[in-house]
Amino acid sequence: MGGTSSKVDINNRDEDIRVIASIDFGTRYTGYAFILKDGKETKYIYRPNHSETKSERTCILLRDNDNAEFVAFGNNAMDIFDRKNLSEKPTGSDLFKMFIRKVAEKRYHKIKIVLEPEAASMYIRNKPLHFTERMHIEPFRPGQCYILVDIGAGTSDICAHKVTEDGNLIEILSAGIHEGGEQINKSFFNALEELFSAEVFNEFKKDNMRFHKLEKDFEEIKHKLKPNDNNDDVLLLDEKLLKLFAKTTGGQFEMCLKQSTSKFKTELRIHDSNWLYMNKTFVCGLFDPTINTIITHIQEQTCRATKAGYRISCILLSGGLSESKYVFSRIENHFSRGSNTNDVIPVIQAPNARNAVVDGALLMGLHPNGIIGRVSPYTYGFYSVVPFQEGEHPEDLKDVHEGVTQCKAVFYKLIERNKIVRPRDCFERRSSTDYIESKHQTRITSLWRSFRKDPKYCTQDDECELVASIEIRPPAEGWPPKLYHIQRLVVIDNEFVVEFENETTGQKYKTRVDYAF
(Lines give C-alpha, C1' and ligand atoms only; values in the text may rest on other atoms or scores of the structure.)
Protein backbone atom coordinates (compact mmCIF):
# COMPACT_ATOMS: atom_id res chain seq x y z
CA MET A 1 0.00 0.00 0.00
CA GLY A 2 1.40 3.41 -0.90
CA GLY A 3 0.68 6.56 -2.88
CA THR A 4 2.10 7.31 -6.29
CA SER A 5 4.69 10.07 -6.40
CA SER A 6 5.32 12.76 -8.97
CA LYS A 7 6.44 16.39 -9.23
CA VAL A 8 4.34 19.53 -9.55
CA ASP A 9 5.46 22.98 -10.63
CA ILE A 10 5.18 25.49 -7.78
CA ASN A 11 7.74 28.02 -9.01
CA ASN A 12 5.50 31.04 -9.31
CA ARG A 13 7.77 33.67 -7.73
CA ASP A 14 7.34 37.28 -8.75
CA GLU A 15 10.54 38.89 -10.01
CA ASP A 16 9.31 42.37 -9.08
CA ILE A 17 9.49 41.81 -5.31
CA ARG A 18 11.36 44.82 -3.93
CA VAL A 19 11.60 43.99 -0.22
CA ILE A 20 12.31 40.71 1.57
CA ALA A 21 11.91 40.80 5.34
CA SER A 22 12.55 38.09 7.92
CA ILE A 23 11.09 37.95 11.42
CA ASP A 24 12.11 35.39 14.03
CA PHE A 25 9.38 35.14 16.67
CA GLY A 26 11.31 33.48 19.47
CA THR A 27 9.94 32.30 22.78
CA ARG A 28 11.35 35.35 24.56
CA TYR A 29 12.67 37.82 21.95
CA THR A 30 11.94 38.73 18.33
CA GLY A 31 14.67 39.32 15.73
CA TYR A 32 14.29 40.93 12.32
CA ALA A 33 16.15 42.05 9.17
CA PHE A 34 15.24 43.06 5.62
CA ILE A 35 16.69 43.44 2.14
CA LEU A 36 15.89 46.15 -0.40
CA LYS A 37 16.11 44.97 -4.01
CA ASP A 38 16.22 46.57 -7.43
CA GLY A 39 15.11 43.91 -9.88
CA LYS A 40 17.36 40.89 -9.35
CA GLU A 41 20.12 42.90 -7.65
CA THR A 42 20.41 43.23 -3.88
CA LYS A 43 20.93 46.89 -3.07
CA TYR A 44 20.86 47.12 0.69
CA ILE A 45 20.67 44.76 3.64
CA TYR A 46 19.44 46.13 6.97
CA ARG A 47 20.23 44.40 10.25
CA PRO A 48 19.62 45.86 13.68
CA ASN A 49 22.70 47.11 15.51
CA HIS A 50 24.01 45.22 18.50
CA SER A 51 21.94 47.19 21.00
CA GLU A 52 18.76 46.37 19.06
CA THR A 53 19.62 42.73 18.41
CA LYS A 54 16.97 40.35 19.72
CA SER A 55 15.75 43.03 22.09
CA GLU A 56 12.04 43.10 21.27
CA ARG A 57 10.03 40.87 23.57
CA THR A 58 7.83 38.38 21.74
CA CYS A 59 4.37 39.50 22.77
CA ILE A 60 1.29 41.09 21.27
CA LEU A 61 -1.17 43.12 23.33
CA LEU A 62 -4.80 43.12 22.20
CA ARG A 63 -7.67 45.11 23.63
CA ASP A 64 -10.31 43.03 25.37
CA ASN A 65 -13.24 43.80 23.08
CA ASP A 66 -15.23 42.09 20.33
CA ASN A 67 -12.67 42.98 17.65
CA ALA A 68 -9.57 42.04 19.69
CA GLU A 69 -8.12 45.40 18.67
CA PHE A 70 -4.32 45.57 18.29
CA VAL A 71 -2.67 47.77 20.95
CA ALA A 72 1.09 47.19 20.86
CA PHE A 73 3.90 44.76 20.07
CA GLY A 74 7.21 43.85 21.72
CA ASN A 75 8.73 45.89 24.54
CA ASN A 76 6.00 48.53 24.27
CA ALA A 77 3.36 45.84 24.70
CA MET A 78 5.18 44.47 27.75
CA ASP A 79 5.41 47.94 29.34
CA ILE A 80 1.68 48.54 28.88
CA PHE A 81 0.96 45.02 30.09
CA ASP A 82 2.94 45.68 33.27
CA ARG A 83 1.10 48.97 33.94
CA LYS A 84 -2.28 47.12 33.79
CA ASN A 85 -0.86 45.05 36.70
CA LEU A 86 -1.99 41.72 35.21
CA SER A 87 -0.69 38.52 36.82
CA GLU A 88 -1.33 35.92 34.13
CA LYS A 89 0.87 35.30 31.12
CA PRO A 90 -0.46 34.26 27.69
CA THR A 91 0.16 30.65 26.64
CA GLY A 92 -0.26 28.47 23.57
CA SER A 93 2.65 28.83 21.13
CA ASP A 94 0.89 27.03 18.25
CA LEU A 95 -2.08 29.38 18.48
CA PHE A 96 0.36 32.27 18.53
CA LYS A 97 2.03 31.05 15.34
CA MET A 98 -1.28 30.65 13.54
CA PHE A 99 -2.42 34.08 14.72
CA ILE A 100 0.76 35.71 13.37
CA ARG A 101 0.35 34.01 10.00
CA LYS A 102 -3.32 34.78 9.53
CA VAL A 103 -2.86 38.43 10.49
CA ALA A 104 0.14 38.78 8.16
CA GLU A 105 -1.69 37.17 5.23
CA LYS A 106 -4.48 39.72 5.46
CA ARG A 107 -2.02 42.42 4.45
CA TYR A 108 0.86 40.64 2.72
CA HIS A 109 0.38 37.98 0.05
CA LYS A 110 3.89 36.57 0.00
CA ILE A 111 4.30 34.89 3.39
CA LYS A 112 6.67 31.97 3.82
CA ILE A 113 7.08 29.98 7.03
CA VAL A 114 10.63 28.66 7.40
CA LEU A 115 12.10 26.28 9.93
CA GLU A 116 14.61 27.86 12.31
CA PRO A 117 17.43 25.29 11.95
CA GLU A 118 17.09 25.38 8.16
CA ALA A 119 17.32 29.17 8.16
CA ALA A 120 20.40 29.00 10.37
CA SER A 121 21.95 26.43 8.03
CA MET A 122 21.30 28.62 5.00
CA TYR A 123 23.23 31.41 6.71
CA ILE A 124 26.07 29.18 7.90
CA ARG A 125 26.63 26.76 5.03
CA ASN A 126 28.97 28.96 2.96
CA LYS A 127 30.77 30.45 5.93
CA PRO A 128 34.38 29.35 6.59
CA LEU A 129 33.62 27.02 9.49
CA HIS A 130 34.65 23.41 8.97
CA PHE A 131 37.81 22.14 10.68
CA THR A 132 39.96 19.94 8.41
CA GLU A 133 42.60 17.45 9.52
CA ARG A 134 45.21 20.22 9.25
CA MET A 135 43.03 22.44 11.48
CA HIS A 136 42.38 24.94 8.70
CA ILE A 137 38.90 26.45 8.51
CA GLU A 138 37.00 26.26 5.24
CA PRO A 139 33.42 26.17 3.92
CA PHE A 140 31.58 22.87 3.76
CA ARG A 141 32.26 20.67 0.77
CA PRO A 142 29.68 18.62 -1.18
CA GLY A 143 28.96 15.34 0.56
CA GLN A 144 29.82 16.57 4.05
CA CYS A 145 27.31 16.23 6.88
CA TYR A 146 26.99 18.28 10.02
CA ILE A 147 24.68 18.65 12.99
CA LEU A 148 23.21 22.06 13.72
CA VAL A 149 21.90 22.84 17.21
CA ASP A 150 19.79 25.99 17.45
CA ILE A 151 19.52 26.74 21.18
CA GLY A 152 16.80 29.24 21.87
CA ALA A 153 14.85 30.35 24.91
CA GLY A 154 12.02 27.82 24.88
CA THR A 155 13.30 25.06 22.59
CA SER A 156 16.44 23.58 21.07
CA ASP A 157 16.21 22.30 17.50
CA ILE A 158 18.71 19.63 16.50
CA CYS A 159 19.04 18.57 12.88
CA ALA A 160 21.61 17.00 10.56
CA HIS A 161 22.17 18.33 7.04
CA LYS A 162 24.08 16.97 4.07
CA VAL A 163 25.60 19.30 1.47
CA THR A 164 24.68 18.27 -2.08
CA GLU A 165 26.88 18.53 -5.17
CA ASP A 166 25.21 21.80 -6.18
CA GLY A 167 25.71 23.30 -2.73
CA ASN A 168 22.14 22.87 -1.51
CA LEU A 169 21.06 21.04 1.64
CA ILE A 170 19.17 17.85 2.45
CA GLU A 171 17.91 17.34 5.98
CA ILE A 172 18.77 13.79 7.01
CA LEU A 173 17.72 13.90 10.68
CA SER A 174 15.64 16.23 12.80
CA ALA A 175 14.51 16.53 16.41
CA GLY A 176 13.33 19.21 18.78
CA ILE A 177 13.26 19.39 22.57
CA HIS A 178 11.69 21.81 25.04
CA GLU A 179 14.97 22.82 26.63
CA GLY A 180 16.61 26.23 26.47
CA GLY A 181 17.16 29.47 28.31
CA GLU A 182 13.65 29.52 29.78
CA GLN A 183 14.33 26.26 31.65
CA ILE A 184 17.40 27.84 33.25
CA ASN A 185 15.29 30.83 34.29
CA LYS A 186 12.70 28.48 35.72
CA SER A 187 15.36 26.72 37.80
CA PHE A 188 16.51 30.08 39.17
CA PHE A 189 13.00 31.18 40.12
CA ASN A 190 12.30 27.77 41.67
CA ALA A 191 15.35 28.35 43.85
CA LEU A 192 14.06 31.81 44.85
CA GLU A 193 10.68 30.31 45.65
CA GLU A 194 12.38 27.75 47.89
CA LEU A 195 14.41 30.50 49.56
CA PHE A 196 11.59 32.99 50.13
CA SER A 197 8.67 30.49 50.27
CA ALA A 198 5.99 29.98 47.64
CA GLU A 199 3.64 32.36 49.46
CA VAL A 200 6.10 35.27 49.38
CA PHE A 201 7.45 34.71 45.90
CA ASN A 202 4.03 34.21 44.28
CA GLU A 203 2.85 37.45 45.86
CA PHE A 204 5.93 39.24 44.54
CA LYS A 205 5.34 37.93 40.99
CA LYS A 206 2.02 39.75 40.87
CA ASP A 207 4.00 42.98 40.54
CA ASN A 208 4.86 42.40 36.88
CA MET A 209 7.18 45.36 36.45
CA ARG A 210 9.39 44.35 39.36
CA PHE A 211 9.36 40.68 38.42
CA HIS A 212 10.33 41.42 34.80
CA LYS A 213 13.16 43.62 36.08
CA LEU A 214 14.43 40.67 38.11
CA GLU A 215 14.16 38.46 35.00
CA LYS A 216 16.15 40.94 32.94
CA ASP A 217 18.89 41.21 35.57
CA PHE A 218 19.24 37.43 35.69
CA GLU A 219 19.34 37.27 31.87
CA GLU A 220 22.47 39.44 31.93
CA ILE A 221 24.14 37.15 34.43
CA LYS A 222 23.11 34.09 32.43
CA HIS A 223 24.74 35.20 29.18
CA LYS A 224 27.97 36.38 30.89
CA LEU A 225 28.65 33.07 32.65
CA LYS A 226 32.13 31.78 31.81
CA PRO A 227 33.87 28.48 32.50
CA ASN A 228 36.79 28.43 34.94
CA ASP A 229 35.71 31.74 36.48
CA ASN A 230 35.33 31.38 40.24
CA ASN A 231 34.09 34.91 40.90
CA ASP A 232 30.62 35.17 42.41
CA ASP A 233 27.77 36.50 40.30
CA VAL A 234 25.91 39.37 41.96
CA LEU A 235 22.19 40.14 41.73
CA LEU A 236 20.33 43.05 43.28
CA LEU A 237 17.30 41.70 45.13
CA ASP A 238 14.14 43.73 44.86
CA GLU A 239 13.29 45.73 47.97
CA LYS A 240 9.63 44.70 47.77
CA LEU A 241 10.58 41.02 47.78
CA LEU A 242 12.65 41.48 50.94
CA LYS A 243 9.85 43.45 52.65
CA LEU A 244 7.28 40.78 51.76
CA PHE A 245 9.56 38.16 53.31
CA ALA A 246 9.98 40.18 56.50
CA LYS A 247 6.24 40.88 56.76
CA THR A 248 5.29 37.23 56.18
CA THR A 249 7.95 35.52 58.31
CA GLY A 250 8.75 38.19 60.88
CA GLY A 251 12.48 37.89 60.15
CA GLN A 252 15.15 39.44 57.96
CA PHE A 253 16.10 37.45 54.88
CA GLU A 254 19.84 37.94 55.45
CA MET A 255 19.70 36.46 58.95
CA CYS A 256 17.43 33.61 57.88
CA LEU A 257 19.86 32.68 55.07
CA LYS A 258 22.82 32.62 57.50
CA GLN A 259 20.92 30.41 59.93
CA SER A 260 19.57 28.13 57.22
CA THR A 261 20.55 24.46 57.13
CA SER A 262 19.74 24.17 53.41
CA LYS A 263 22.27 23.74 50.60
CA PHE A 264 21.90 27.42 49.77
CA LYS A 265 23.79 28.41 52.95
CA THR A 266 27.12 27.51 51.33
CA GLU A 267 26.22 28.73 47.85
CA LEU A 268 24.59 32.11 48.51
CA ARG A 269 25.32 35.09 50.73
CA ILE A 270 23.86 38.57 51.24
CA HIS A 271 25.93 41.77 51.27
CA ASP A 272 24.67 45.25 52.19
CA SER A 273 21.18 43.87 52.88
CA ASN A 274 20.01 43.36 49.29
CA TRP A 275 22.93 42.19 47.13
CA LEU A 276 22.76 38.43 46.51
CA TYR A 277 26.16 36.82 45.86
CA MET A 278 25.85 33.49 44.03
CA ASN A 279 28.87 31.20 43.77
CA LYS A 280 29.67 29.21 40.63
CA THR A 281 28.39 25.94 42.08
CA PHE A 282 24.95 27.47 42.42
CA VAL A 283 24.85 29.24 39.03
CA CYS A 284 26.29 26.30 37.08
CA GLY A 285 23.80 24.06 38.83
CA LEU A 286 21.01 26.11 37.23
CA PHE A 287 22.51 25.53 33.77
CA ASP A 288 23.66 21.92 33.95
CA PRO A 289 20.33 20.00 33.80
CA THR A 290 19.37 21.84 30.60
CA ILE A 291 22.83 21.49 29.04
CA ASN A 292 22.96 17.79 29.94
CA THR A 293 19.64 17.17 28.23
CA ILE A 294 20.78 19.04 25.10
CA ILE A 295 24.05 17.05 25.02
CA THR A 296 22.15 13.78 25.37
CA HIS A 297 19.93 14.62 22.41
CA ILE A 298 22.87 15.73 20.27
CA GLN A 299 24.53 12.41 21.11
CA GLU A 300 21.39 10.53 20.08
CA GLN A 301 21.26 12.31 16.72
CA THR A 302 24.95 11.65 16.15
CA CYS A 303 24.44 7.94 16.79
CA ARG A 304 21.40 7.86 14.51
CA ALA A 305 23.38 9.51 11.72
CA THR A 306 26.26 7.06 12.16
CA LYS A 307 23.91 4.06 12.03
CA ALA A 308 22.36 5.47 8.84
CA GLY A 309 25.79 5.65 7.21
CA TYR A 310 26.48 9.36 7.58
CA ARG A 311 29.71 10.75 9.03
CA ILE A 312 29.20 13.93 11.03
CA SER A 313 32.08 16.34 10.38
CA CYS A 314 31.20 18.91 13.05
CA ILE A 315 28.53 20.28 15.36
CA LEU A 316 27.41 23.87 14.81
CA LEU A 317 25.78 25.91 17.57
CA SER A 318 23.43 28.81 16.85
CA GLY A 319 20.76 30.68 18.80
CA GLY A 320 21.00 33.12 21.68
CA LEU A 321 21.97 30.67 24.43
CA SER A 322 24.83 29.25 22.34
CA GLU A 323 26.60 32.59 22.84
CA SER A 324 27.07 31.68 26.50
CA LYS A 325 30.72 30.69 26.88
CA TYR A 326 29.75 28.25 29.61
CA VAL A 327 27.18 26.49 27.40
CA PHE A 328 29.64 26.30 24.50
CA SER A 329 32.41 25.01 26.76
CA ARG A 330 30.24 22.23 28.21
CA ILE A 331 29.16 20.98 24.79
CA GLU A 332 32.63 21.32 23.26
CA ASN A 333 34.32 19.44 26.13
CA HIS A 334 31.86 16.59 25.82
CA PHE A 335 32.31 15.97 22.11
CA SER A 336 35.98 16.90 21.85
CA ARG A 337 36.73 13.90 24.10
CA GLY A 338 35.01 11.56 21.70
CA SER A 339 32.29 10.89 24.24
CA ASN A 340 30.60 7.55 23.68
CA THR A 341 31.61 7.43 20.02
CA ASN A 342 34.93 6.61 18.40
CA ASP A 343 35.26 9.98 16.71
CA VAL A 344 36.11 13.36 18.11
CA ILE A 345 33.60 15.85 16.68
CA PRO A 346 34.61 19.54 16.55
CA VAL A 347 32.06 21.95 18.01
CA ILE A 348 31.88 25.38 16.37
CA GLN A 349 29.87 28.45 17.29
CA ALA A 350 28.13 30.04 14.32
CA PRO A 351 29.16 33.61 13.56
CA ASN A 352 26.46 36.05 14.66
CA ALA A 353 24.82 33.06 16.35
CA ARG A 354 21.98 35.07 17.85
CA ASN A 355 20.81 36.31 14.43
CA ALA A 356 21.70 33.32 12.25
CA VAL A 357 18.00 32.50 11.85
CA VAL A 358 16.88 35.92 10.61
CA ASP A 359 19.85 36.27 8.26
CA GLY A 360 19.28 32.76 6.94
CA ALA A 361 15.58 33.44 6.44
CA LEU A 362 16.51 36.38 4.20
CA LEU A 363 18.67 34.04 2.12
CA MET A 364 15.76 31.59 1.87
CA GLY A 365 13.68 34.45 0.50
CA LEU A 366 16.37 35.18 -2.10
CA HIS A 367 17.08 31.52 -2.87
CA PRO A 368 13.91 29.56 -2.04
CA ASN A 369 15.19 26.24 -3.37
CA GLY A 370 18.22 26.00 -1.08
CA ILE A 371 16.64 23.21 1.02
CA ILE A 372 15.92 20.41 -1.44
CA GLY A 373 14.85 17.66 0.94
CA ARG A 374 13.59 17.07 4.48
CA VAL A 375 13.14 14.01 6.61
CA SER A 376 9.51 13.38 7.52
CA PRO A 377 8.94 13.22 11.30
CA TYR A 378 5.74 11.21 10.80
CA THR A 379 4.17 8.61 8.57
CA TYR A 380 1.40 10.35 6.62
CA GLY A 381 -1.58 8.77 4.91
CA PHE A 382 -5.19 9.17 3.82
CA TYR A 383 -8.23 7.74 5.58
CA SER A 384 -9.60 5.10 3.20
CA VAL A 385 -12.40 2.56 2.94
CA VAL A 386 -11.83 -0.92 1.41
CA PRO A 387 -13.87 -4.12 1.03
CA PHE A 388 -14.07 -5.93 4.37
CA GLN A 389 -12.02 -9.13 4.71
CA GLU A 390 -13.28 -11.51 7.40
CA GLY A 391 -10.51 -12.58 9.75
CA GLU A 392 -8.22 -9.82 8.50
CA HIS A 393 -9.98 -6.57 9.35
CA PRO A 394 -11.16 -5.63 12.87
CA GLU A 395 -14.86 -6.22 13.48
CA ASP A 396 -15.31 -2.82 15.12
CA LEU A 397 -14.32 -1.15 11.82
CA LYS A 398 -16.93 -3.04 9.77
CA ASP A 399 -19.39 -0.81 7.92
CA VAL A 400 -21.97 -1.13 5.14
CA HIS A 401 -22.18 1.25 2.18
CA GLU A 402 -24.69 0.75 -0.64
CA GLY A 403 -25.20 -2.85 0.53
CA VAL A 404 -21.46 -3.64 0.43
CA THR A 405 -19.61 -4.58 3.61
CA GLN A 406 -16.53 -2.41 4.00
CA CYS A 407 -13.69 -1.72 6.41
CA LYS A 408 -13.46 1.94 7.35
CA ALA A 409 -10.51 3.90 8.75
CA VAL A 410 -7.86 2.04 6.76
CA PHE A 411 -4.56 3.99 6.70
CA TYR A 412 -3.46 4.51 3.07
CA LYS A 413 0.24 5.25 3.49
CA LEU A 414 1.78 8.04 1.43
CA ILE A 415 4.97 9.10 3.24
CA GLU A 416 6.89 6.90 5.65
CA ARG A 417 8.48 8.29 8.77
CA ASN A 418 12.20 9.18 8.45
CA LYS A 419 12.03 9.14 4.65
CA ILE A 420 13.34 12.19 2.80
CA VAL A 421 10.65 14.27 1.11
CA ARG A 422 11.39 16.97 -1.45
CA PRO A 423 9.49 20.13 -2.38
CA ARG A 424 7.06 19.55 -5.27
CA ASP A 425 6.67 15.85 -4.42
CA CYS A 426 3.08 14.85 -5.14
CA PHE A 427 1.46 11.70 -3.74
CA GLU A 428 -1.86 10.46 -5.19
CA ARG A 429 -4.56 7.96 -4.46
CA ARG A 430 -7.06 7.23 -7.24
CA SER A 431 -10.27 5.42 -6.39
CA SER A 432 -14.00 5.31 -7.03
CA THR A 433 -17.14 5.27 -4.92
CA ASP A 434 -20.59 3.91 -5.79
CA TYR A 435 -23.61 6.11 -5.05
CA ILE A 436 -27.22 5.11 -5.43
CA GLU A 437 -29.19 5.59 -2.24
CA SER A 438 -26.54 7.82 -0.67
CA LYS A 439 -25.91 10.15 -3.64
CA HIS A 440 -26.60 13.24 -1.49
CA GLN A 441 -24.13 12.19 1.21
CA THR A 442 -21.33 14.65 2.13
CA ARG A 443 -17.82 13.27 1.58
CA ILE A 444 -14.84 13.77 3.88
CA THR A 445 -11.21 13.56 2.73
CA SER A 446 -8.80 13.46 5.66
CA LEU A 447 -5.03 13.29 6.17
CA TRP A 448 -3.65 11.37 9.17
CA ARG A 449 -0.24 10.89 10.69
CA SER A 450 1.49 8.49 13.07
CA PHE A 451 4.88 8.00 14.70
CA ARG A 452 4.68 4.36 13.63
CA LYS A 453 6.47 3.31 10.47
CA ASP A 454 3.58 1.29 9.07
CA PRO A 455 0.22 2.02 10.77
CA LYS A 456 -2.72 -0.04 9.51
CA TYR A 457 -5.69 1.98 10.66
CA CYS A 458 -6.55 5.60 11.47
CA THR A 459 -7.11 4.80 15.14
CA GLN A 460 -5.56 5.59 18.51
CA ASP A 461 -4.33 2.00 18.75
CA ASP A 462 -2.07 2.73 15.78
CA GLU A 463 -1.04 6.05 17.38
CA CYS A 464 -2.73 7.98 14.56
CA GLU A 465 -4.07 11.49 14.74
CA LEU A 466 -6.07 13.64 12.35
CA VAL A 467 -4.02 16.33 10.59
CA ALA A 468 -6.47 17.97 8.18
CA SER A 469 -9.82 17.28 6.54
CA ILE A 470 -11.88 18.60 3.63
CA GLU A 471 -15.67 18.48 3.56
CA ILE A 472 -17.01 17.96 0.03
CA ARG A 473 -20.71 18.51 -0.49
CA PRO A 474 -22.46 16.75 -3.40
CA PRO A 475 -23.81 18.70 -6.40
CA ALA A 476 -27.51 19.61 -6.41
CA GLU A 477 -28.38 16.53 -8.46
CA GLY A 478 -26.29 14.30 -6.19
CA TRP A 479 -23.21 12.21 -6.91
CA PRO A 480 -23.12 10.10 -10.09
CA PRO A 481 -23.67 6.31 -9.72
CA LYS A 482 -19.87 5.87 -9.81
CA LEU A 483 -17.70 8.78 -8.71
CA TYR A 484 -14.07 8.67 -9.83
CA HIS A 485 -11.88 10.84 -7.63
CA ILE A 486 -8.26 11.63 -6.76
CA GLN A 487 -6.78 12.47 -3.39
CA ARG A 488 -3.47 14.30 -3.47
CA LEU A 489 -0.81 15.33 -0.99
CA VAL A 490 1.53 17.99 -2.40
CA VAL A 491 4.74 19.06 -0.63
CA ILE A 492 5.40 22.82 -0.77
CA ASP A 493 8.46 23.92 1.18
CA ASN A 494 7.83 22.71 4.75
CA GLU A 495 4.07 22.52 4.29
CA PHE A 496 1.50 20.28 2.63
CA VAL A 497 -1.48 20.93 0.41
CA VAL A 498 -4.24 18.33 0.68
CA GLU A 499 -6.45 18.13 -2.39
CA PHE A 500 -9.59 16.25 -3.50
CA GLU A 501 -10.45 16.23 -7.22
CA ASN A 502 -13.69 15.10 -8.79
CA GLU A 503 -12.13 13.37 -11.80
CA THR A 504 -15.35 13.60 -13.83
CA THR A 505 -15.90 17.35 -13.48
CA GLY A 506 -12.33 18.41 -12.68
CA GLN A 507 -13.54 20.35 -9.63
CA LYS A 508 -10.91 20.58 -6.84
CA TYR A 509 -11.08 21.20 -3.12
CA LYS A 510 -7.94 22.14 -1.17
CA THR A 511 -6.63 22.84 2.30
CA ARG A 512 -3.16 23.67 3.63
CA VAL A 513 -1.26 21.92 6.42
CA ASP A 514 1.17 24.24 8.23
CA TYR A 515 4.28 22.99 10.04
CA ALA A 516 4.29 19.52 8.47
CA PHE A 517 8.00 19.02 9.24
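The values are calculated or read from the model by the stated rules, or taken from the named source; none is laboratory data. Keep in mind that this is a model prediction, so the values were computed, not measured. Positions of Cβ are backbone-derived with ideal geometry, glycine not excepted, and every protein chain shown enters the neighbour counts. Accessible surface is based on the protein model in full, side chains and every heavy atom, while ligands, DNA and RNA are left aside. Shrake-Rupley method; radii C 1.70, N 1.55, O 1.52, S 1.80 Å.
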(request) Determine the sum of side-chain charges near T442: Lys and Arg each +1, Asp and Glu each -1, restricted to other residues whose C-beta is under 14 angstrom from that of T442. (result) +2
(request) Compute the normalised compactness of the stretch 299-415: alpha-carbon radius of gyration over 2.2 N^0.38 Å, N being the residue count. (result) 1.80
(message) Under the rule a/c < 1.5 gives rounded, and otherwise a/b versus b/c splits prolate from oblate, where does the stretch 398-512 land using the Cα gyration tensor?
(response) oblate
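So if the hydrodynamic radius of the stretch 278-350 is defined as the Kirkwood radius over C-alpha pairs, what does Stokes-Einstein give as its diffusion coefficient at 25 °C and 0.890 mPa s, in µm² per second?
Numbers: Rh = 13.0 Å.
This corresponds to a translational diffusion coefficient of 188 µm²/s.
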(request) State which entries of K186/K247; K222/K325; K398/K510; K456/K510; K398/K419 exceed 20 angstrom in Cα-Cα distance in the structure shown. (result) K186/K247; K398/K510; K456/K510; K398/K419
(message) Can you work out the Karplus-derived ³J(HN,Hα) for every residue in the stretch 395-409? Use 6.51 cos²θ - 1.76 cosθ + 1.60 with θ = phi - 60°, whole Hz, and x for glycine or proline.
(response) 5, 6, 9, 6, 8, 10, 10, 6, x, 10, 6, 10, 10, 8, 6
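If you wrap the stretch 203-335's Cα atoms in a convex hull and average its projection over all directions, what's the area in nm²? Walk me through the numbers before you get to the answer.
Values: hull surface 41.8 nm².
That works out to 10.5 nm², a quarter of the Cα hull's surface.
Just flag the trypsin sites (Lys or Arg not before Pro) in the stretch 277-313 sitting in loop per DSSP whose Cβ has no more than 13 other Cβ atoms within 10 Å.
Details: sites: K280, R304, K307, R311; in loops: R311.
Loop-located and lightly packed - R311.
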(request) Pull out a ≥ b ≥ c, the square roots of the eigenvalues of the alpha-carbon gyration tensor of the stretch 341-405, then state rounded if a/c is under 1.5, prolate if not and a/b is larger than b/c, and oblate in the remaining case. (result) prolate
(request) Under 15 Å from a label point 7 Å along Cα→Cβ of E465: give me every residue in the stretch 374-401 with its amide N that close. (result) 377-381
(message) Considering the Cα positions of the stretch 159-232, please state its Rg to one decimal place and its Dmax as a whole number of Å.
(response) 19.7, 61
(message) If you count only protein heavy atoms and use a 1.4 Å probe, how large is the accessible surface of R488, to the nearest 10 Å²?
(response) 30
(message) Rounded to the nearest 10 Å², what accessible area does F451 have for a 1.4 Å probe in the complete protein model?
(response) 110
(message) Show me, for the stretch 157-171, the HN-Hα J-couplings you get by feeding each phi into the Karplus relation (A = 6.51, B = -1.76, C = 1.60, θ = phi - 60°), rounded to Hz, glycine and proline as x.
(response) 9, 10, 9, 10, 10, 10, 7, 7, 4, 8, x, 8, 10, 10, 7
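Just how many % of Cα pairs in the stretch 444-517 lie over 22 Å apart, if you round to the nearest whole percent? Numbers along the way, then the final one.
Numbers: 921 of 2701 pairs.
The calculated P(r) of the stretch 444-517 puts 34 percent of pairs beyond 22 Å.
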(request) Round to the nearest 10 and report in Å² the accessible area of M122, as given by a 1.4 Å probe over the protein chains' heavy atoms. (result) 10
